[in-house]
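Take a look at the structure below.
The values are calculated or read from the model by the stated rules, or taken from the named source; none is laboratory data. Not measured: the values here are computed from a predicted model. Virtual Cβ from ideal backbone geometry, glycine too; neighbours counted across all protein chains shown.
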Amino acid sequence: MTESETRPGRHAVVIGGSVAGLLAARAVSATFERVTVLDRDALPAEPVARRGVPQGRHVHGVTARGAAGLESLFPGILDELIAAGAPRADALYDYHYYLDGHKLARGTADTPNYLVTRPLIEGLIRRRVSSLENVTVVDSTEALGLLTADGRITGVRARAVAGHDPERDIEADLVIDAAGRGSRAVTWLADLGYPTPDETVVRTNVVYVTRHFQQASGQPGGRHAVVSGAYPANPRSGAAVRQENGQIAVFLAGILGDEPPTDDEGMLAFASTLAAPEIAEVLGTATPLDEAAKMRNPASSLRHFEKLDRYLDGYLVVGDAMGNFNPLYGQGITVAVLEAELLESLLASGLDRLAPRYFAGAARVLAEPWALAAGSDLRFPGVEGERDPQQEQAGQYLDLLRATAATDARVGAAFLRVANMLDPITALFDPALAARVRQTA
Ligand SMILES: Cc1cc2nc3c(=O)[nH]c(=O)nc-3n(C[C@H](O)[C@H](O)[C@H](O)COP(=O)(O)OP(=O)(O)OC[C@H]3O[C@@H](n4cnc5c(N)ncnc54)[C@H](O)[C@@H]3O)c2cc1C
């Protein structure tokens with residue numbers, strides 16, 4: 001009997017072979033004899049953007065918490081990122097970081113960030129997952145629907161995207177939906193007669209534009225990255241980030257109908273309105289490597305599967321299919337890491353009642369990143385979403401904290417550690433930190 005035949009689960013199918021699906025496959029691989037990851041894209045051998053992940057052309061930060069989680073799921077992967085040319089940077093020491101229009105005082109935050117393109121990180125994770133003896137990644141194959149019997153999942157119906165192969169049924173005792181924002185989880189559940197989750201929605205209508213440039217000496221601003229955050233007096237944001245291949249990725253973003261242009265002059269004019277002059281400097285002087293790409297993200301949304309009173313046993317939802325976080329805060333990959341960690345720990349105590357246990361745990365795990373993102377978005381008066389008067393009071397203190405970070409590096413470090421999900425939001429209300437903030441104000 002081989003090691004994989006002694007595992008309690010027989011076959012797990014993951015729909016979607018992007019970051020969340022691959023991490024989920026890694027998480028369940030210790031508990032299932034076989035894991036099959038389906039993706040409808042032809043998955044490229046080289047780290048290039050692909051159709052099913054249009055956000056892959058845009059700047060992707062990985063929080064320090066996300067990076068640490070990736071390292072424990074795939075020991076050595078951070079060294080692989082560095083070997084592939086990704087700079088490792090501390091968000092306070094190695095960035096020019098502009099918060100609410102002020103540049104943060106330089107210090108160290110101990111927030112290691114790996115500045116890497118989205119296709120490179122996905123490619124390295126895919127290579128690691130594909131090398132697991134009981135995991136198979138099957139590309140160019142689309143999941144069409146769920147197969148069920150007696151209130152539990154029994155598999156998925158799938159078909160090859162190209163060619164004339166007929167649809168086929170793939171048996172499974174666990175199906176994980178990692179199909180991203182276009183996931184049909186809600187429709188599939190409704191069609192099968194199961195209750196569907198409520199959604200919390202915060203409408204920011206973010207529009208992103210990203211373009212890559214050849215790195216010129218010292219750019220951007222002599223540091224690894226420049227970040228200019230949006231704030232109510234100037235809801236535009238942008239960044240210039242060194243990445244592997246000696247390139248700089250520049251992104252510009254507007255909210256609530258303010259769209260960054262994609263032509264040279266328009267991008268430069270938009271960047272010139274940001275607090276960070278270093279971004280316009282890159283746009284005005286560096287050699288472009290591609291055309292600008294544009295993407296919209298109308299709203300952040302969180303599906304409350306945890307509140308359902310009946311579950312399709314053996315069917316889980318992860319990643320953007322469960323929660324779509326405003327990309328400006330760079331949380332999506334970290335959220336996928338947190339869900340994979342949760343899944344692995346729940347499976348250690350068996351497969352029984354996995355769906356309710358998973359969705360309850362995920363709601364707890366996602367509460368913090370959601371509060372971080374939604375709290376930041378709801379600072380903008382035009383953003384639609386539910387506002388809590390208590391949060392508004394805390395917001396006044398946080399405005400002061402951000403201003404204090406311009407002169408006090410310890411305050412800036414505390415802010416960035418929370419933004420990097422290393423510390424909880426409550427760390428910002430620590431009495432010693434609050435005293436520093438009130439002293440400066
Ligand atoms: C503009 C933008 C910028 C972002 N920046 C950041 C950032 O800085 N940091 C960060 O952490 N996150 C960022 N994100 C979010 C991040 O990209 C996602 O959270 C992350 O990719 C995880 O997504 P996912 O795996 O759930 O879904 P996706 O990456 O969307 O992948 C879904 C996969 O499912 C496949 N698929 C879909 N339907 C089917 C089907 N029926 N059958 C088979 N396969 C299917 C698709 O081909 C695709 O591969 C950003 C997002 C956007 C839009």
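How many residues does region 311-332 hold that are out of contact with any Leu (no Cβ under 8 Å at 6 or more places or on another chain), in a helix (DSSP H, G or I) and farther than 15 Å from A185 by Cβ?
Adding up the residues that qualify gives 3.
Just to verify a result, which residue in region 45-95, among those that are surrounded by fewer than 17 Cβ atoms within 10 Å (Cβ to Cβ) and of a type in the set (K, R), is modelled with the highest pLDDT?
R88
Tally up the residues in region 208-239 that are in a strand (DSSP E or B) and within 16 Å of the ligand (Cβ to nearest atom), please.
Keep residues of region 208-239 that are in a strand (DSSP E or B), which gives 208-214, 225-228, 231, 234, 237-239.
Filter once more, keeping what is within 16 Å of the ligand (Cβ to nearest atom): 208-212, 225-228, 237-239.
So the count comes out to 12.
Let's see how each residue does on (1) among the hydroxyl-bearing types (S, T, Y); (2) within 14 Å of the ligand (Cβ to nearest atom):
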| residue | (1), (2) |
| --- | --- |
| V13 | no, yes |
| T63 | yes, yes |
| F74 | no, no |
| L104 | no, no |
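Of all residues in region 326-340, how many are near the ligand (Cβ under 6 Å from one of its atoms) and farther than 13 Å from A64 by Cβ? Give the steps one after another, and end with the answer.
To start, the set of residues in region 326-340 that are near the ligand (Cβ under 6 Å from one of its atoms) comprises 327, 330-334, 336.
Then keep just the ones that are farther than 13 Å from A64 by Cβ; that gives 327, 332, 336.
Counting residues in region 326-340 that are near the ligand (Cβ under 6 Å from one of its atoms) and farther than 13 Å from A64 by Cβ gives 3.
Please verify whether V19 is within 14 Å of the ligand (Cβ to nearest atom) and surrounded by fewer than 23 Cβ atoms within 10 Å (Cβ to Cβ), treating the condition exactly as stated. Before the answer, list the steps.
Details: within 14 Å of the ligand (Cβ to nearest atom): yes; surrounded by fewer than 23 Cβ atoms within 10 Å (Cβ to Cβ): no.
Judged against the criteria, V19 is not a match.
Just to check your reading of the model, which residue among D177, D110, D169 is surrounded by fewer than 16 Cβ atoms within 10 Å (Cβ to Cβ) and in contact (Cβ under 8 Å) with a residue 60 or more places away in the chain? First the steps, then the outcome.
On the way: D177 fails: surrounded by fewer than 16 Cβ atoms within 10 Å (Cβ to Cβ); D169 fails: in contact (Cβ under 8 Å) with a residue 60 or more places away in the chain.
Result: D110 is the single residue among D177, D110, D169 that is surrounded by fewer than 16 Cβ atoms within 10 Å (Cβ to Cβ) and in contact (Cβ under 8 Å) with a residue 60 or more places away in the chain.
Any residue at all in region 186-207 that's closer than 30 Å to V282 by Cα, within 16 Å of the ligand (Cβ to nearest atom), touching a Ser or Thr at 6+ places or on another chain (Cβ under 8 Å) and not aromatic (F, W, Y)?
Here is the first cut: in region 186-207, the residues closer than 30 Å to V282 by Cα are 204-207.
So of that shortlist, the ones also within 16 Å of the ligand (Cβ to nearest atom) come out as 204-207.
Right, trim to touching a Ser or Thr at 6+ places or on another chain (Cβ under 8 Å) and you get 204.
So of that shortlist, the ones also not aromatic (F, W, Y) come out as 204.
Checked region 186-207: at least one residue is closer than 30 Å to V282 by Cα, within 16 Å of the ligand (Cβ to nearest atom), touching a Ser or Thr at 6+ places or on another chain (Cβ under 8 Å) and not aromatic (F, W, Y).
Please count how many residues of region 129-145 are crowded, with 19+ Cβ neighbours inside 10 Å and away from the ligand (no atom under 11 Å from the Cβ). Don't jump to the end; show me each part of the working.
Quick first cut of region 129-145, residues crowded, with 19+ Cβ neighbours inside 10 Å only: 129, 134-135, 137, 141, 143.
Filter once more, so that each one left must be away from the ligand (no atom under 11 Å from the Cβ): 129, 134-135.
Residues in region 129-145 being crowded, with 19+ Cβ neighbours inside 10 Å and away from the ligand (no atom under 11 Å from the Cβ): 3 in total.
Considering only residues that are of a type in the set (D, E, K, R) and closer than 30 Å to G101 by Cβ, which ones fall in region 292-329?
K294, R296 - these are the residues of region 292-329 that are of a type in the set (D, E, K, R) and closer than 30 Å to G101 by Cβ.
State whether one or more residues within region 345-358 are modelled with pLDDT of 95 or more, among the hydroxyl-bearing types (S, T, Y) and surrounded by fewer than 20 Cβ atoms within 10 Å (Cβ to Cβ).
yes
Inside region 41-125, counting only strands (runs of 3 or more DSSP E) that do not spill past its ends, which hold 1 or more residues that are in contact with a strand residue (DSSP E or B) (Cβ under 9 Å, 6 or more places away or on another chain) and among the charged types (D, E, K, R)? Before you say what the answer is, go through the steps one by one.
Details: elements: 88-90, 95-99, 112-114.
Those strands (runs of 3 or more DSSP E) span 88-90.
Which condition from (1) within 30 Å of G193 (Cβ to Cβ); (2) within 11 Å of the ligand (Cβ to nearest atom); (3) surrounded by fewer than 18 Cβ atoms within 10 Å (Cβ to Cβ) is the one that R152 breaks?
For R152, the exception is condition (2).
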